[in-house]
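Accompanying notes for the structure given below.
Any read-out appearing in this document is the output of simple, stated calculations on the displayed coordinates, not a laboratory observation. These figures come from a predicted structure and were not determined experimentally. Note that we place each Cβ from the backbone using ideal geometry, even for glycine, and neighbour counts take in every protein chain shown.
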Amino acid sequence: MEDQLLSLASYDPPLEEIYKSLLKSQHGGSSPRSVHEEIIVEERELPLIDLNKLRLGDKERQECKREIAKASEEWGFFQVLNHGISKNLLDQMKEEQVKVFRKPFVEKVNDKNILACSYRWGAPSATCLTQVSWSEAFHVPLSHIYDSGGLSSLSSTMEQYATSMSELAQYLAEILAENIGQDSTYIKKMCVPNTCYLRMNRYPSCPWLQEVTGLMPHTDSDFLTILHQDQIGGLQLVKDGKWVAVKPCEEALIINIGDLFQAWSNNLYKSVEHRVVINKWNERFSTAYFLCPANDIIIESCITPSVYRSFTFKDYMQQVQDDVKVFGYKIGLSRFLNII
């Protein structure tokens with residue numbers, strides 16, 4: 001058992017040290033109040049959409065498209081079955097991901113290959129406990145993946161995974177674009193694969209469940225995100241003003257709307273605040289694909305009068321980074337509201 005603990009310590013980021021240091025400086029070492037609700041959060045199933053209907057007759061196709069649009073308007077989240085990505089590829093990606101996260105912490109920080117400079121862990125710049133995200137991740141530009149040449153099992157798997165996710169993301173985004181009367185090819189022009197990202201996440205187990213989160217409450221800054229998660233659970237989102245826990249569905253992928261789609265649709269589609277809570281006994285793994293445009297792409301509402309002023313993706317991300325630096329959290333779309 002002692003050897004196992006030593007082994008874990010070698011690859012875990014120093015989250016516990018950061019936590020204890022902040023706890024001592026803020027609370028004199030005594031346990032603080034909860035950073036999230038201590039009440040039981042209701043577990044709910046996201047809208048479940050069978051994409052196989054898109055391959056059937058016109059009636060079924062139109063019904064499926066309406067379900068996608070409705071979920072994007074009412075939930076900002078939905079899950080899809082029969083999405084065309086094989087279980088074998090999803091399992092293979094999970095295996096490669098686990099192997100990467102089992103590397104020693106110092107190796108992950110200094111990785112020089114396909115994952116170079118992409119490693120993140122949740123607390124190095126935290127100034128208070130509410131800013132501690134109990135997690136580690138590799139946030140990898142797809143350009144790095146495609147430039148790697150697939151020379152290792154990791155790069156080869158990531159390339160296959162990224163290609164499959166890109167196709168699915170484009171397909172869903174085109175459906176959502178058509179629903180608001182836009183040319184479906186517009187998304188394809190704005191979001192080429194090389195401008196998108198893949199993020200591998202690991203959330204270590206943690207004894208301080210009420211004091212830190214796996215990932216702070218936030219919205220995604222892209223057009224849409226595709227998430228593949230394990231069955232541990234922990235994803236929560238805001239629905240009707242309350243936090244709800246997402247019940248895992250083994251065969252499904254989770255889709256959520258990002259800030260750019262909310263702005264482009266003039267608030268028709270909802271970019272919903274979500275977070276990850278940690279598990280006391282089990283680590284959690286997930287992989288997210290982010291559909292992003294090039295930095296110079298201008299985002300402006302396709303419906304008038306516009307709720308938001310136009311902005312480039314680069315401007316948006318710079319504002320997000322500036323706010324996180326100053327306030328410790330993202331402010332997001334409200335920074336770009338049109339003042340009439």
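General observations
- Length-normalised contact order for the chain - Cα pairs under 8 Å, 6+ apart - percent: 19
- Degrees between helix 313-327 axis and first principal axis of the chain (Cα, 0 to 90, nearest 10): 30
- Look at the alpha carbon pairs under 8 Å that are at least 6 residues apart: their mean separation over the length of the range 242-340 gives a relative contact order of 22 percent.
- Sequence-distant residues sharing a close amide H with Ile49 (under 5 Å, placed H): Gln79, Val80, Leu81
- Charge dipole (the chain, unit charges on Cβ, about Cα centre) - positive-most of Val326, Ser135, Gln262: Val326
- The chain - mean residue ellipticity at 222 nm from DSSP helices (-39,500 (n - 2.57) per run, n ≥ 4, rounded to 500): -11000 deg cm²/dmol
- Amide H contacts of Ser135: Gly122, each under 5 Å away and 5 or more positions distant or on a separate chain (H built 1.01 Å from N in the peptide plane; Pro and chain starts excluded).
- Measuring between alpha carbons in the structure, the pairs from Lys188/Lys330; Lys188/Lys247; Lys59/Lys189; Lys53/Lys87; Lys94/Lys188 lying more than 22 angstrom apart are Lys188/Lys330; Lys188/Lys247; Lys59/Lys189; Lys94/Lys188.
- Amide hydrogen neighbours beyond the local backbone of Ile299, cut-off 5 Å, H modeled: Phe311, Thr312, Phe313
- Derived scalar couplings between HN and Hα for the range 10-26 equal 6, 10, 6, x, x, 5, 5, 5, 4, 4, 5, 5, 5, 4, 5, 6, 9 Hz in order, rounded to whole Hz, by the Karplus curve 6.51 cos²θ - 1.76 cosθ + 1.60 (θ = phi - 60°), x for Gly and Pro.
- Axis angle, to the nearest 10 degrees, between helix 153-179 and the longest C-alpha principal axis of the chain: 40 degrees.
- The range 251-266 versus the range 173-219: alpha-carbon centroid distance in Å: 7
- Here the dipole of the chain is about 360 debye; that uses its Cα centre as origin and unit charges on the Cβ of Lys and Arg (positive) and Asp and Glu (negative).
- Helix 58-74 axis, angle to the chain major axis (alpha carbon atoms, nearest 10°): 50
- Options Val272, Val106, Ser310, ranked by Cα towards positive dipole end of the chain, top entry (Cβ charges): Ser310
- Cα Rg, Dmax (largest Cα-Cα span) when computed across the range 193-340, Å: 16.3, 51
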